[in-house]
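Written out below as structure tokens is the structure these notes cover.
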Amino acid sequence: MTAREPAPASADALLQYRLSLRMGAVHARQRLGIEREFESHLFARGKSWCHIENWYSIHGLIRNILRFTGMLRRGQTNSRRLRTVDNRIILPGLPEAFEGFRILHLTDLHVDMDAEALEVLIDQIAPMSYDLCVLTGDYRKRTWGPIESAMEGMSRLRAVIRGTPVAILGNHDSITMVPALEDMGYRLLLNENFYLERDDQRLYIAGVDDAHFFKVHNVQRAADNIPDGATVILLSHTPEIWREAAHAGFDLFLCGHTHGGQICLPGGIPVILDARCPRTLGRGRWQHAQMQGYTSPGAGTSVVNARFNCPPEVTLHTLTQGPYQCG
């Protein structure tokens, strides 16, 4: 190397530079900084991060309790019984060109949690027909650490998704996943929006960064330059921002995060619902003001690979202007 040649940049510096170009220097610095601070707290001696998702000793305790009671295998079997749920959404202002538009909604996949569950998911969606696939976050098993295993799973999934899938990040996801996911062909929305066009009519899709742990969502920025009266779908990892989204004028809010409780009492009553929102927003259809919402229980599992009284799902939303439009 001559004296005139610059020293090669570190991998971290190159990553931060690429993220800054992609999402802006402030957002990139903020997200990376929070992730690094979180990991330093997690591993610092004498410190703890008080959240069940990060207490990996608790994960083992729950798993052992289920094993000793003979329930673990049953819970694992339940977690692989993936169902497809059809959800019809009436949007009176929907442009006519998008009547019957179908959205495949995937969330909380945690693709590196269970290889068999990933195979079930791939087999389930491969033959499906839809107009757009959206993914609302949580692709990694853990909330920290390497991303390579999760990215391998997301690459395998991408191979069977039709068209260009639209994705956002969740609280398990690192911002360092963005370049890899975009290189695979996922379209990431980081407090951004875009529109689909048919016959000169538009349907807008907006997406926010994680609002649960990282708190880096920006609803206002996600809605930038969307004209009044447009039909807009917001993708959020968590339902926790339901109120601000409704009053910002979004028509439909698609999210996950809660897993529907994952381990529920008979009747689907969650033992724990990890979201700061009313329980009525914890799973399935809901409405606030003029905005409709759907919280999917997700296709994967978190903390422990088991489900009870809360089956995993992929959701197929069909948009319509009203009952009279449906044949």
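Observations on the model:
- Matching residues, region 234-259, being assigned to a strand (DSSP E or B) and either modelled with pLDDT under 95 or surrounded by 24 or more Cβ atoms within 10 Å (Cβ to Cβ) (or both): L234, L235, F253, L254, C255
- Among (1) without any contact (Cβ under 8 Å) to a residue 40 or more places away in the chain; (2) surrounded by 17 or more Cβ atoms within 10 Å (Cβ to Cβ) - the single one D224 does not satisfy: (2)
- Filter pass, A167 being of a type in the set (A, V, I, L, M), in contact with a strand residue (DSSP E or B) (Cβ under 7 Å, 6 or more places away or on another chain) and at pLDDT 95 or above: yes
- Screening the candidates Q287, Q292 for the property of being out of contact with any Cys (no Cβ under 9 Å at 6 or more places or on another chain) and surrounded by fewer than 17 Cβ atoms within 10 Å (Cβ to Cβ) yields one hit, Q287.
- Any hit, region 201-210, residues being modelled with pLDDT of 95 or more, touching a helix residue (DSSP H, G or I) at 6+ places or on another chain (Cβ under 7 Å), surrounded by fewer than 23 Cβ atoms within 10 Å (Cβ to Cβ) and of a type outside the set (A, V, I, L, M, F, W, C): yes
- Residue in region 218-231 that is under 18 Å from R307 (Cα atoms), small (G, A, S) and part of a loop (DSSP other than H, G, I, E, B) present: no
- Subset of region 291-311 [in contact with an Asp or Glu (Cβ under 9 Å, 6 or more places away or on another chain), at pLDDT 95 or above and assigned to a loop (DSSP other than H, G, I, E, B)]: S296, P297, G298, A299, G300, T301
So that you can scan it fast, the table gives a plain yes or no per residue for (1) farther than 30 Å from Q201 by Cα; (2) in contact (Cβ under 8 Å) with a residue 60 or more places away in the chain; (3) of a type in the set (D, E):
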position: G229; (1), (2), (3): no, yes, no
position: H257; (1), (2), (3): yes, yes, no
position: G268; (1), (2), (3): yes, no, no
position: I272; (1), (2), (3): yes, yes, no
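- When residues of region 260-284 are limited to those that are in contact with an Asp or Glu (Cβ under 9 Å, 6 or more places away or on another chain) and of a type in the set (D, E, K, R), the one surrounded by the most Cβ atoms within 10 Å (Cβ to Cβ): D274
- If the condition is being of a type outside the set (S, T, N, Q), surrounded by 10 or more Cβ atoms within 10 Å (Cβ to Cβ), modelled with pLDDT under 90 and outside any loop (DSSP other than H, G, I, E, B), then region 7-22 contributes D12, A13, L14, L15, Y17, R18.
- The one condition from (1) buried (at least 17 other Cβ atoms within 10 Å of the Cβ); (2) over 17 Å from the mean Cα position of the chain (by Cα); (3) not charged (D, E, K, R) that H172 does not meet is (2).
- The residue that is nearest to I34 (Cα to Cα), counting only those in region 104-159 that are assigned to a loop (DSSP other than H, G, I, E, B) and polar (S, T, N, Q), is T143.
- Some residue of region 186-197 being outside any strand (DSSP E or B), closer than 16 Å to R140 by Cα and modelled with pLDDT of 95 or more: yes
- Being within 16 Å of H212 (Cα to Cα) and either polar (S, T, N, Q) or not in a loop (DSSP other than H, G, I, E, B) (or both) is not true of I272.
The values are calculated or read from the model by the stated rules, or taken from the named source; none is laboratory data. Since the model is a prediction, treat every value here as computed from it, not as a measurement. Please note: Cβ atoms are built from the backbone with ideal geometry, for glycine as well, and neighbour counts cover all protein chains shown.
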